[in-house]
There are 2 protein chains.
Amino acid sequence: MKNYSDLYRDALLKDVIPFWERNSIDKQAGGYFTCLDRFGNVYDTDKFIWLQGRQAWTFSMLYNKVERNQFWLDIAKHGIDFLKTYGKDKNGNFYFSLTREGKPLIQPYNIFSDCFASMAFAQYGLAANDEESTELAVETFQNILSRKSNPKGKYTKAFPETRPLKNFSLPMILSNLCLELEPLLSPELVEQTIDACIHEVMEVFLDKESNLIYENLLSDGSFSDSFEGRLINPGHGIEAMWFIMDIAHRRNDSELMDKAIQVVVSLLEFGWDEEHGGIFYFLDVKGKPPMNLEWDQKLWWVHLETLVALAKAYRFTQDQKIFNLFEKVHNYSWDHFSDPEAGEWFGYLNRRGEVLLPLKGGKWKGCFHVPRAMYQVWKSFDTF
Amino acid sequence: MKNYSDLYRDALLKDVIPFWERNSIDKQAGGYFTCLDRFGNVYDTDKFIWLQGRQAWTFSMLYNKVERNQFWLDIAKHGIDFLKTYGKDKNGNFYFSLTREGKPLIQPYNIFSDCFASMAFAQYGLAANDEESTELAVETFQNILSRKSNPKGKYTKAFPETRPLKNFSLPMILSNLCLELEPLLSPELVEQTIDACIHEVMEVFLDKESNLIYENLLSDGSFSDSFEGRLINPGHGIEAMWFIMDIAHRRNDSELMDKAIQVVVSLLEFGWDEEHGGIFYFLDVKGKPPMNLEWDQKLWWVHLETLVALAKAYRFTQDQKIFNLFEKVHNYSWDHFSDPEAGEWFGYLNRRGEVLLPLKGGKWKGCFHVPRAMYQVWKSFDTF
């Protein structure tokens with residue numbers, strides 16, 4: 001498996017990271033540009049908090065786990081400083097987006113802004129030994145927990161009571177975030193959060209019959225036969241499964257590990273496009289028309305998170321069937337998303353695998369899924 | 001032009017309207033089903049206020065303008081009764097969606113629910129001579145005017161002041177709605193609203209240099225170089241232009257008529273997909289990657305509203321160039337959207353013109369754009 005390990009390491013260190021080092025640093029106003037065209041030119045200057053946090057996290061993580069490279073730490077600090085100065089409102093909630101100069105554009109309606117900020121502060125705090133950052137990471141984490149039952153606050157459009165839905169994203173993110181913040185939290189809070197996440201993800205949102213993960217359930221945990229209730233996002237469920245595999249590994253829980261791997265296989269089978277290859281973005285569990293017009297598109301993060309899940313699954317099982325699945329997704333992804341001519345990966349393909357938007361970064365794609373997956377796959381194959 | 005007139009009339013009366021008569025009436029709970037699969041089977045039972053209002057309007061309009069058919073009036077009343085009973089909150093604002101039984105699901109965050117409800121009550125009130133409906137139409141219209149400066153109310157996610165954008169949709173809809181409500185409003189209010197609409201649409205949102213219509217501008221009327229500011233929705237602008245053509249006709253304003261027709265041609269040229277045919281859903285005015293993943297899809301309403309605009313333009317100009325454009329869009333639309341096997345029109349095609357969602361109705365497509373366009377094109381060619 002030396003070849004895969006080398007391939008993903010080289011892609012990370014010789015292609016992906018240099019692309020962001022070269023093109024994304026806003027030296028004038030601070031923070032990062034993320035709206036980069038195919039060749040890395042900036043085509044919009046708005047700053048999206050998800051992506052500011054995620055890039056600061058990526059460079060801090062590389063510093064902590066790959067190499068004590070001062071340049072990486074400086075880049076991380078560049079985003080952390082911007083987040084500290086402009087990222088949050090007076091109640092400690094993170095905005096969704098800012099202008100280039102850091103003026104708030106979109107209010108803190110989206111709790112995942114806070115999740116990625118907390119993740120960035122934690123990783124940077126450890127990298128730079130910066131107490132202000134570790135404190136901010138913990139404060140933000142506590143704030144997320146306190147907003148958990150009503151994450152959108154006054155921006156919630158759902159009428160109270162008629163069809164009270166709960167969404168998979170928050171327990172899913174928390175199962176990763178609490179491991180990220182582990183060194184900063186009390187062991188009790190970590191274990192308690194992990195227990196709650198395993199329960200929500202594997203007992204509530206996982207449908208035992210189909211082995212698929214629902215995105216929305218009624219608040220009592222039952223199925224909602226509605227557009228939202230029928231929605232399956234295969235890549236999202238698969239990403240969650242590698243978070244659960246990390247937890248299973250940490251707890252030496254082979255039963256949980258097996259279960260997570262089985263769910264990866266089920267979601268991949270359900271989500272695979274037999275006609276054109278690749279994994280669909282959204283499907284309706286009953287085969288009805290999904291409500292999202294982009295349902296049949298092939299997205300970079302869906303495929304990269306699947307590669308991580310399969311690489312980890314293979315590392316733990318050494319099962320040839322899993323390896324074959326890895327190679328199938330690997331071949332599709334490298335054939336369609338990678339861009340050897342201009343560097344980094346395309347983000348959005350149509351169902352046929354043709355480039356739909358010729359960008360390397362935008363409102364939702366930044367320096368995160370590509371480098372994180374490259375790192376995770378590299379390390380998963382490293383020991384063989 | 002007899003052939004086109006007959007073709008659109010027959011499509012309306014022998015295909016489209018029978019499809020909705022047959023499949024959409026919820027005899028048990030009231031109102032209309034709009035989530036209908038290719039063959040008219042109900043696949044979801046939620047009730048979306050946009051579509052409840054629009055279908056009640058369509059059947060009332062047919063009763064008023066085509067034939068005093070009691071069955072049509074009964075169908076209109078079926079939706080009107082549902083809207084009267086369940087449609088609005090205690091402040092008179094219309095919800096976005098309800099359960100099948102009429103319980104509120106999504107709060108009144110979307111002022112276009114009110115617009116289509118008002119339009120339905122007005123048309124039905126005239127058809128049935130129902131004073132309660134005409135009063136509701138006027139009250140709702142007044143409420144829309146009073147909410148105009150802040151249509152989303154507390155659901156607005158934009159931070160005040162940083163980048164205060166105004167959106168094209170409301171002046172666009174009002175230029176149609178005030179003609180719809182004309183018999184119920186004071187002449188002063190009608191003229192005043194029309195003047196304001198012409199100003200906003202043709203002086204503010206219309207870019208004189210490119211002859212394109214922006215979807216969002218800064219509140220002072222200037223261009224915003226942002227994802228929202230760069231957005232062009234060709235079908236939306238073209239639909240607005242036939243509203244303006246109706247106003248120009250009513251006012252005998254040939255200068256305004258010419259201007260509107262020129263904008264139709266510009267938007268159609270800008271929006272036409274030279275590679276695969278059809279009109280793109282969204283484009284970026286500077287050619288940057290649009291923020292909407294569905295940007296390259298071909299939508300039914302975009303093409304139908306363009307057919308209406310071109311049919312009206314031809315009626316007023318008898319210009320062969322306009323007729324050729326009509327035939328080009330006509331041929332594309334009938335080749336790709338119509339479904340002679342199962343009836344009615346498909347709503348969503350991918351860029352290549354292949355069916356993306358095999359539905360005849362859903363959360364956004366109901367009994368409205370297809371029949372309204374069929375009626376308008378029929379009548380536009382009727383006099384030749």
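Please determine, by comparing only the residues of the range A:239-266 that are among the β-branched types (Val, Ile, Thr) and farther than 24 Å from A:Val190 by Cβ, which one is surrounded by the fewest Cβ atoms within 10 Å (Cβ to Cβ).
Only one residue tops the list, namely A:Val265.
Find all pairs meeting these conditions: Cβ atoms under 9 angstrom apart; at least six residues apart or on different chains; first residue within the range A:97-119 and facing chain B (nearest Cβ under 9 Å) and more than 17 Å from A:Gln55 (Cβ to Cβ); second residue part of a strand (DSSP E or B) and of a type in the set (Ser, Thr, Tyr).
Listed pairs, sorted by first residue: A:Pro104/A:Ser97; A:Leu105/A:Ser97; A:Ile106/A:Ser97.
Across the range A:293-311, what is the total count of residues that are within 14 Å of chain B (Cβ to nearest Cβ) and touching a residue at least 24 places away in the same chain (Cβ under 8 Å)?
7
Conditions: (1) open to solvent by 10 Å² or more (accessible area, probe 1.4 Å); (2) free of Cβ contacts under 8 Å to residues at least 60 places away in the same chain. B:Val66 meets all but one. Number of the miss?
(2)
Can you tell me how many residues within the range A:363-384 are buried (at least 24 other Cβ atoms within 10 Å of the Cβ) and over 16 Å from A:His303 (Cβ atoms)?
Matching residues across the range A:363-384 total 2.
Checking B:Glu132 against (1) over 21 Å from the mean Cα position of the chain (by Cα); (2) within 28 Å of B:Phe33 (Cβ to Cβ); (3) within 14 Å of chain A (Cβ to nearest Cβ), which test does it fail?
Among (1) over 21 Å from the mean Cα position of the chain (by Cα); (2) within 28 Å of B:Phe33 (Cβ to Cβ); (3) within 14 Å of chain A (Cβ to nearest Cβ), B:Glu132 violates only (3).
When you check A:Lys14 against the structure, is it in a loop (DSSP other than H, G, I, E, B), without any contact (Cβ under 8 Å) to a residue 12 or more places away in the chain and open to solvent by 20 Å² or more (accessible area, probe 1.4 Å), yes or no?
no
Tell me yes or no: at least one residue of the range B:305-319 is more than 17 Å from B:Asp246 (Cα to Cα) and open to solvent by 30 Å² or more (accessible area, probe 1.4 Å).
Yes, the range B:305-319 contains at least one residue that is more than 17 Å from B:Asp246 (Cα to Cα) and open to solvent by 30 Å² or more (accessible area, probe 1.4 Å).
Residue check, B:Cys35 against (1) over 16 Å from B:Pro371 (Cβ atoms); (2) open to solvent by 10 Å² or more (accessible area, probe 1.4 Å), all met but one. Which one?
B:Cys35 satisfies every listed condition except (2).
Being without any contact (Cβ under 8 Å) to a residue 60 or more places away in the chain, farther than 28 Å from B:Asn110 by Cα and facing chain A (nearest Cβ under 10 Å) is the filter here; which residues of the range B:342-357 pass it?
Answer for the range B:342-357, where residues must be without any contact (Cβ under 8 Å) to a residue 60 or more places away in the chain, farther than 28 Å from B:Asn110 by Cα and facing chain A (nearest Cβ under 10 Å): just B:Glu354.
Please count how many residues of the range A:235-288 are part of a helix (DSSP H, G or I), touching a residue at least 12 places away in the same chain (Cβ under 8 Å) and of a type in the set (Ser, Thr, Tyr).
Final tally of qualifying residues: 1.
Please verify whether B:Ser149 is more than 11 Å from chain A (Cβ to nearest Cβ), among the hydroxyl-bearing types (Ser, Thr, Tyr) and assigned to a loop (DSSP other than H, G, I, E, B), treating the condition exactly as stated.
yes
I'd like to know if the range A:271-289 contains one or more residues that are within 14 Å of chain B (Cβ to nearest Cβ), open to solvent by 10 Å² or more (accessible area, probe 1.4 Å) and β-branched (Val, Ile, Thr).
Checking the range A:271-289: at least one residue is within 14 Å of chain B (Cβ to nearest Cβ), open to solvent by 10 Å² or more (accessible area, probe 1.4 Å) and β-branched (Val, Ile, Thr).
Scan the range A:212-234 for residues that are open to solvent by 20 Å² or more (accessible area, probe 1.4 Å) and assigned to a loop (DSSP other than H, G, I, E, B) and jot them down.
A:Tyr214, A:Ser219, A:Asp220, A:Gly221, A:Ser222, A:Phe223, A:Asp225, A:Glu228
For the range A:322-345, name all the residues that are surrounded by fewer than 22 Cβ atoms within 10 Å (Cβ to Cβ) and not in a helix (DSSP H, G or I).
If the condition is that a residue be surrounded by fewer than 22 Cβ atoms within 10 Å (Cβ to Cβ) and not in a helix (DSSP H, G or I), then A:Ser338, A:Asp339, A:Pro340, A:Glu341, A:Ala342, A:Gly343 are the ones that fit.
Any residue in the range A:358-369 that is within 17 Å of A:Ala11 (Cβ to Cβ) sitting within a Cβ distance under 9 Å of a residue that is among the acidic types (Asp, Glu) and part of a strand (DSSP E or B)? List the pairs, counting only those 6 or more apart or interchain.
A:Lys360/A:Asp37; A:Gly361/A:Asp37
Quick one: how many residues across the range B:154-179 are touching a residue at least 24 places away in the same chain (Cβ under 8 Å), part of a loop (DSSP other than H, G, I, E, B) and among the basic types (Lys, Arg)?
1
Which count do you get for residues in the range A:285-324 that are closer than 28 Å to A:Gly361 by Cα and modelled with pLDDT of 95 or more?
The number of residues fulfilling the criteria is 22.
Among the residues of the range B:136-170, write down those that are surrounded by fewer than 22 Cβ atoms within 10 Å (Cβ to Cβ) and within 17 Å of the chain's Cα centre (by Cα).
Residues satisfying the conditions are B:Asn167, B:Ser169, B:Leu170.
Yes/no matrix, rows are residues, columns are (1) touching a Gly at 6+ places or on another chain (Cβ under 7 Å); (2) in a helix (DSSP H, G or I):
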position	(1), (2)
B:Leu51	yes, yes
B:Ala56	yes, yes
B:Tyr63	no, yes
B:Trp72	no, yes
B:Asp81	yes, yes
B:Lys84	no, yes
B:Pro108	no, no
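Against the definition (of a type outside the set (Phe, Trp, Tyr), under 19 Å from the mean Cα position of the chain (by Cα) and more than 10 Å from chain B (Cβ to nearest Cβ)), how does A:His330 come out, yes or no?
Spelling it out, A:His330 is indeed of a type outside the set (Phe, Trp, Tyr), under 19 Å from the mean Cα position of the chain (by Cα) and more than 10 Å from chain B (Cβ to nearest Cβ).
Any residue at all in the range A:17-32 that is closer than 20 Å to A:Asn110 by Cβ and open to solvent by less than 10 Å² (accessible area, probe 1.4 Å)?
Yes, the range A:17-32 contains at least one residue that is closer than 20 Å to A:Asn110 by Cβ and open to solvent by less than 10 Å² (accessible area, probe 1.4 Å).
Tell me, please, whether a residue that is without any contact (Cβ under 8 Å) to a residue 60 or more places away in the chain, among the basic types (Lys, Arg) and surrounded by 19 or more Cβ atoms within 10 Å (Cβ to Cβ) can be found in the range A:39-60.
Among the residues of the range A:39-60, at least one is without any contact (Cβ under 8 Å) to a residue 60 or more places away in the chain, among the basic types (Lys, Arg) and surrounded by 19 or more Cβ atoms within 10 Å (Cβ to Cβ), which makes the answer yes.
Could you please give the count of residues in the range B:91-128 that are open to solvent by 20 Å² or more (accessible area, probe 1.4 Å) and of a type in the set (Ser, Thr, Tyr)?
2
The values are calculated or read from the model by the stated rules, or taken from the named source; none is laboratory data. Only a predicted model underlies this, so the values are computations on that prediction, with no experimental measurement involved. Cβ: placed from backbone, ideal geometry, glycine included. Neighbour counts: every protein chain shown. Quick note on the areas: whole protein, heavy atoms, side chains included, nothing else; ligands and nucleic acids left out. Shrake-Rupley method; radii C 1.70, N 1.55, O 1.52, S 1.80 Å.
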